[in-house]
Amino acid sequence: MDQVEVAAKENESKAAWKPKNPWGAPHKETVPCSLTDVMSEQLAKHLQLEDELSAFPSTAVNNEPLITGDNIDTSSDLLLAQMLQMEFDREFDLQLRLEEKKYNGDSKVSISFENYRMAHPYDDSDSSDDEVDWQDTRHDPYGPDKPKTTPKKGFTGKGKNITTKHDEEICGRRNTARMENFASEFLVGDGIGMDLKLSNQVFNSLKQHSYSEQRRSAKIHEKKEHSTAEQAVDSKTRLLMYKMVNSGILEAVNGCISTGKESVVFHAKGGSIDDKIVPEECALKVFKTTLNEFKTRDKYIKDDYRFKDRFSKLNPRKIIRMWAEKEMHNLARMQSAGIPCPEVIILKKHILVLSFIGENQVPAPKLKEINLNSEDMKGAYYQVLNMMKQLYNECNLVHADLSEYNMLWHDGKVWFIDVSQSVEPTHPHGLEFLFRDCRNVSTFFQKAGVAEAMNAFDLFNAVSGLDVQASNEAEFVAAIEALEKINEDHVQKRGKKASFDQSDDGGPPIINDE
């Protein structure tokens, strides 16, 4: 019997043995499973997670109906995929909250994992239980508590416990609450959980400071809106420029080429005015509409007889237009006398269109900026001397701000610019201005190495034709002031000679575009 059993076992083992496949193990046939079995596995995992979460009673558990094959329509593949993904994300969020609670423990400072949660647009249960929308609450924790109001009789309590409306603590809390009425620009901060009390003196000081800051900010804002900045223009000035371009006077306005105390100069391309060709390159001199630069310079215009009657009748902003008009008339006089200076094309309010001194949008250099050889510098000196004599004798003008910064060198000649402050010799301070110009010119050319340059005293006498003698500058200035004060015959004769009206200048047209 034993041999028979052994033989039977050997036959069974031989029947069960199969030769190995040289191409590898054969693929096992997969047994198809139904959707119900798959959902049952998902349900088993979900129940297992609920058992694990039962140890943490504070953790929120989802009580929504489970996804099973009985109550869910599985005919749509998209709907089925969305529901499966939603279930997976819910499980991930639950696991994330467990890790967050385990990581923070009992620490006072907690770390949130909310940024790692899976959110879906069709899932409305993604908001955290710990988040609070303060806009929906009636009490704002960042706002101060409203102070208790006192009754009409003005006090509460009786006897020693009486409290009036003038109590220090009540007034302090009331002042703290009233700080919220300050301007929004005034930062008062917050006092969460703090019993802040401000005395009347401190509150009144803060109130006055808030008002002053509000007025200052409004003033600065208005100044920026209605003034010409260093290299920019205000809205009204831009509108005037657009009108000149639209009317064909200018073809285009380019960038800023120079800035000064009273004006900003832009480069522009010329067009035409009433069949008159405007130069191809023009300079737009825009007088600044800020009043700070003109408050200390009204002495150049209020004592000029040409504008004296109009000066007192105009507001400060219209005086700026008068400055542009004055420069136009002064340039017209210089142009008629043959003095090299910019040609006036047109005047429009506080914008003066001039011919451009330079080439290819590059302005001519100032005498201060250019290095001339000795011969050219000597020739420039004699040109300036003759131009000053012409300006005084033929144009009946004193530049009043002549220096190496207001003289340009172009085409081998010296050009005078910036004559808006120029006055006549009959001006109460005309001779003083002339002596200042002579001192500036003499100092510059002497430093430049021109041996023939006269000193300021001799240059003044050569230009004016006077014979003022003094040993030093103080005595010379005193003699000039004496001449102006007693109004000698020389000045009186010049006053009679200069009795022509400003309309005789033959200047360019003035556009009064109100």
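Applying the criterion of being within 22 Å of Cys341 (Cβ to Cβ) and open to solvent by less than 20 Å² (accessible area, probe 1.4 Å) to the residues of segment 286-299, the residue that is modelled with the lowest pLDDT is Lys288. If you go through segment 343-364 and pick out every residue that is under 21 Å from Thr259 (Cβ atoms), open to solvent by less than 80 Å² (accessible area, probe 1.4 Å) and within 33 Å of the chain's Cα centre (by Cα), you end up with 14.
Among the residues of segment 264-279 satisfying the criterion of being under 22 Å from the mean Cα position of the chain (by Cα) and farther than 14 Å from Lys348 by Cβ, which is most open to solvent (accessible area, probe 1.4 Å)? So, considering only residues that are under 22 Å from the mean Cα position of the chain (by Cα) and farther than 14 Å from Lys348 by Cβ, the one most open to solvent (accessible area, probe 1.4 Å) is Val265. Here Val253 meets each of (1) open to solvent by 40 Å² or more (accessible area, probe 1.4 Å); (2) assigned to a strand (DSSP E or B); (3) in contact (Cβ under 8 Å) with a residue 40 or more places away in the chain; (4) under 15 Å from Ile346 (Cβ atoms) with one exception, condition (3). Restricting segment 461-496 to residues that are surrounded by 17 or more Cβ atoms within 10 Å (Cβ to Cβ) and under 30 Å from Glu375 (Cβ atoms), the residue that is modelled with the lowest pLDDT is Ser464.
Table: residues versus (1) at pLDDT 90 or above; (2) open to solvent by 40 Å² or more (accessible area, probe 1.4 Å); (3) among the hydroxyl-bearing types (Ser, Thr, Tyr).
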residue	(1), (2), (3)
Arg333	yes, no, no
Cys341	yes, no, no
Lys366	yes, yes, no
Asp376	yes, yes, no
Gly379	yes, no, no
Tyr382	yes, yes, yes
Glu394	yes, yes, no
His410	yes, no, no
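Consider segment 412-460 and keep the residues that are charged (D, E, K, R) and closer than 28 Å to Asn371 by Cα. The one that is least open to solvent (accessible area, probe 1.4 Å) is Asp437.
More than 30 Å from Glu180 (Cβ to Cβ) and modelled with pLDDT under 50: does that describe Asp106?
It is false that Asp106 is more than 30 Å from Glu180 (Cβ to Cβ) and modelled with pLDDT under 50.
Residues in segment 157-179 that are surrounded by 13 or more Cβ atoms within 10 Å (Cβ to Cβ), in a loop (DSSP other than H, G, I, E, B) and in contact with a Phe, Trp or Tyr (Cβ under 8 Å, 6 or more places away or on another chain): Lys165 only.
The values are calculated or read from the model by the stated rules, or taken from the named source; none is laboratory data. None of the values given here were measured: they were computed from a predicted structure. Cβ sites come from the backbone with ideal geometry, for glycine too, and all protein chains shown count toward neighbours. Each accessible area value is taken on the protein alone, full model and side chains, heavy atoms only, with ligands, DNA and RNA left out. Shrake-Rupley method; radii C 1.70, N 1.55, O 1.52, S 1.80 Å.
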